[in-house]
Amino acid sequence: MKKIVIIVTFFLFAISYSQKKKDLYLFTSFREPATEGLYLAYSEDGYNWKGLEGSFLKPEIGASKIMRDPSITKGADGTYHMVWTTDWKGGNGFGYASSKDLIHWSKQEYIPVMKNETEVVNVWAPEIFYDDVKKEYIIIWASTIPFRFEKGVEEEKNNHRMYYVTTKDFKTFSDTKLYYEPGFSVIDCVIVKKGKKDYVLVLKDNTRPMRNIKVAFGKSPLGPFSKSSEPLTEYLSEGPTVVKVAKKWLLYYDNYGSKNYKALSTSDFVHFEDVSSKISLPEGHKHGTITTISEEVLKGLKEKK
């Protein structure tokens, strides 16, 4: 009988310990005018977010020395890798840094991914994705190269397309290639792995009449992707990011036309429910991405200030 009690007690302790050690959600962000750098918010449920005070990484690279659209992912070794926009206009690359605890960062590096182009208007909103099949990182971003594509409804200097590089170590990178060409100006793309050979590309149609969020589907994180869907969001919305909470995916986006943040819930990226009334975010929160952190990492972030 004593042996049974010991086993049951150990089992209950193990469950309690496991629950205590659950991961939390972390949302990266920035604040206008984007010179202060990296802001962070955390959540236990993926819906309600609490801001952590101050900046956790000041931008030091790029002509403008700004940090917009910080995108972060956690690698297989637990290291956080982050990329960001360094200049609103001009420049041929993006910023990169890594960290184990989100407090102590590697030296900031400028990755000139468009250096081989004679004219590049911008390098916007780099988004980082870890491909757990090929064990490599995919970084995608939007750039305008005047007269490269059919003009359509956009001016030559606002006719964006998506490009990408891959890397395993952030020291050597593949050649830059065209990532997504939907036939219209597109920015703010996010790759989501829904299942084996089942990927979703969340994107912003950046043409003047649209400027809203759509989705496309593919069997690989590098595409090719299907024709994009009808708009999921209202006019003047951008900066999507996606996180899985329980059995649902939450698609957060910056509803900048109305100066607020909104969210959609979905299980298949075909049918969506507006759950904006269920979310809360720190005031001033801007375009970022969501990853997970341990309670130990969160404790360190709180104690930093």
Find the residue count for the stretch 113-159, including only residues that are assigned to a loop (DSSP other than H, G, I, E, B) and open to solvent by less than 50 Å² (accessible area, probe 1.4 Å). 12
Working only within the stretch 76-89, note down all residues that are more than 21 Å from residue 295 (Cβ to Cβ) and open to solvent by 30 Å² or more (accessible area, probe 1.4 Å). 88, 89
Contacts under 8 angstrom Cβ, first residue in the stretch 158-171 being within 16 Å of residue 136 (Cβ to Cβ), partner polar (S, T, N, Q) and modelled with pLDDT of 95 or more, 6 or more apart: 164/176; 165/174; 165/176; 166/174; 167/174; 170/98
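Could you list, in sequence order, the residues of the stretch 218-246 that are part of a strand (DSSP E or B) and surrounded by fewer than 19 Cβ atoms within 10 Å (Cβ to Cβ)?
Within the stretch 218-246, 218, 244, 245 meet the criteria.
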Please tell me if residue 256 is open to solvent by less than 30 Å² (accessible area, probe 1.4 Å) and either over 26 Å from residue 75 (Cβ atoms) or out of contact with any helix residue (DSSP H, G or I) (no Cβ under 8 Å at 6 or more places or on another chain) (or both). no
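Does residue 106 satisfy being open to solvent by 20 Å² or more (accessible area, probe 1.4 Å), under 24 Å from residue 286 (Cα atoms) and in contact with a His (Cβ under 7 Å, 6 or more places away or on another chain)?
No.
The values are calculated or read from the model by the stated rules, or taken from the named source; none is laboratory data. Just so we're clear, the structure is a prediction, and the values are computed from it rather than from any experiment. With ideal geometry, Cβ positions are generated from the backbone for all residues, glycine too; neighbour counts draw on all protein chains shown. Accessible surface is based on the protein model in full, side chains and every heavy atom, while ligands, DNA and RNA are left aside. Shrake-Rupley method; radii C 1.70, N 1.55, O 1.52, S 1.80 Å.
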